[in-house]
Amino acid sequence: MSDFREQALKYHAEPVPGKISIELTKPAETAKDLALAYSPGVAEPVREIAANPADAYKYTAKGNLVAVISNGTAILGLGNLGPLASKPVMEGKALLFKRFAGIDSIDIEVKHRTTEDFINTVENIADTFGGINLEDIKAPECFEIEKALIERCDIPVFHDDQHGTAIVTAAGMLNALEVQGKNLHDAQIVCLGAGAAAIACMELLIKCGAQREHIYMLDRKGVIHTRRDDLNEYKELFANNTDKRTLQDVITDADVFVGVSGPNLISADDLKLMADKPVVFACSNPDPEIHPDEANAARTDLIMATGRSDYPNQVNNVLCFPFIFRGALDVRAKRINDEMKIAAVNAIRQIAKEPVPAEVLQAAGVDSLEFGAHYIIPKPMDPRLLPRVALAVAQAAVASGVARIPLPENYMQ
């Protein structure tokens, strides 16, 4: 681990500090070039945009530019370390946007005193961008922030820790249940964790067919139930009228376990209480709620996913967020709605059912991959993700009425 730490620090420091830079898209070699790029030539697009603000998409980089914005209150698994400490993560997000979807993005780390200060700051700079990706903002403030910005901004605002995680989880979950011969509507679900990712995952699963009354959510105090008086408005949505109080109470005969909490919080004995052919998504990073080796030793009939790349079925947000923004940007969507999220779920899950290209096998370092218990989610390097997910999202945006322009001709062909 000390070697890896040194490698990570060197990667970020050399040959130049950081992971992103600005590149020019126009010539700037001659006096005429400079006259066109800046004064006096720049006055012409200024006049056009003043007369018609939509022309910002025609004459500036707005249409392919995403802001990656954080306050550093929930950095990965490291907690509240402040805005500046989140900068390497936000630069990393910008790197992924560019690498996987060709999207330019700028990281913005915001100091603020109140939640309203943060909301106002982002609202006031939003018109610069084609979309906003919120990142590493703690719950429950993240819910209020995203809701307010969606209402106030005329571009897509997407909290990836919530919805990116939810989309990839839903895609993998639907496939895992299919392999196990079960369906989401009837599944009994246990969710360990009640933060941003947990609540978003469960809400999207409900939109995909799960029954709210079949979901048991737990926080640090145990089962979230109707007789508790310490619940915020988001947890209250998952308060069950039940006498069950412990993880062991609710995991008995459960079909699905979703962990978005912390390491080593469930045991092999807990898994043995689950129904036949269970599905276990232990997504705490870097250490899951139960180690895959321990889980597979306890239950040979389970399908397991984690957030780690060194085990099968990695729940990785990079399967989603670059492509959902690509599709949204390309039809100038006003927002990313449920129809677009569900379209992304279906596109991602379908790719896992198809033959895997040789280049993906090579990148993954495996000889074969076939839809089943050990392959329910596509690999991040799969080149089919960009055209398939972006197209599905763009089509859903047009069909649901949030797109400003029609689907471009021959889009993603």
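The values are calculated or read from the model by the stated rules, or taken from the named source; none is laboratory data. The model shown is predicted, which means the values in this text are computed figures rather than measured ones. Cβ atoms come from the backbone with ideal geometry, glycine included; neighbour counts cover every protein chain shown. Keep in mind that these areas ignore ligands, DNA and RNA; they rest on the heavy atoms of the full protein, side chains included. Shrake-Rupley method; radii C 1.70, N 1.55, O 1.52, S 1.80 Å.
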FRET efficiency (K32, I125; Cβ distance; R0 22 Å; to 0.05) is 0.10
For K138, counting only aspartates and glutamates whose alpha-carbon sits under 17 Å away and dropping same-chain residues fewer than eight positions off, the answer is E109, E116, D117, E146, D160, D161, D219, E233
Heads up, the stretch 163-306 by the C-alpha gyration tensor (a ≥ b ≥ c square roots of eigenvalues; a/c under 1.5 rounded, else a/b over b/c prolate, else oblate) looks rounded
Counting only residues 5 or more apart in sequence or on a different chain, those whose built amide H sits under 5 Å from that of I69 are I108, N133, L134, E135
Under the rule rounded for a/c under 1.5, else prolate if a/b exceeds b/c, else oblate, using alpha carbon gyration tensor axes a ≥ b ≥ c, the stretch 7-76 is classed as oblate
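Within the set K182/K353; K87/K207; K147/K244; K147/K182, which residue pairs have Cα atoms separated by over 27 Å?
Distance filter (> 27 Å) returns K87/K207; K147/K244; K147/K182.
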Ranked by GNM mean-square fluctuation in the chain (Cα springs under 10 Å), the top entry among N232, N316, N337 is N232
In the list (1) 253; (2) 167; (3) 182, the entry giving volume of the Cα convex hull per residue in Å³ computed from the coordinates is (2)
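Ranked from highest to lowest mean number of other Cβ atoms within 10 Å per residue, what is the order of the peptides 347-357, 169-179, 361-371?
169-179, 347-357, 361-371
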Per residue, accessible area of the chain with a 1.4 Å probe, heavy atoms of protein chains only, in Å², comes to 48 Å²
Packing-ranked peptide list from 12-20, 239-247, highest mean Cβ count within 10 angstrom first, is 239-247, 12-20
Taking protein heavy atoms only, a 1.4 Å probe, and rounding to whole percent, the accessible area of the chain owed to carbon and sulfur comes out at 53 percent
The answer for the chain, counting only DSSP H helices whose Cα atoms cover 15 angstrom or more along the axis and whose Kyte-Doolittle average is 1.0 or greater, is 196-207, 385-399
Reduced to Cα centres, the span from the stretch 161-217 to the stretch 354-376 in Å works out to 24 Å
Per the rule of 0.36 nm per residue minus the C-alpha distance, extending T252 to S309 adds in nm 17.6 nm
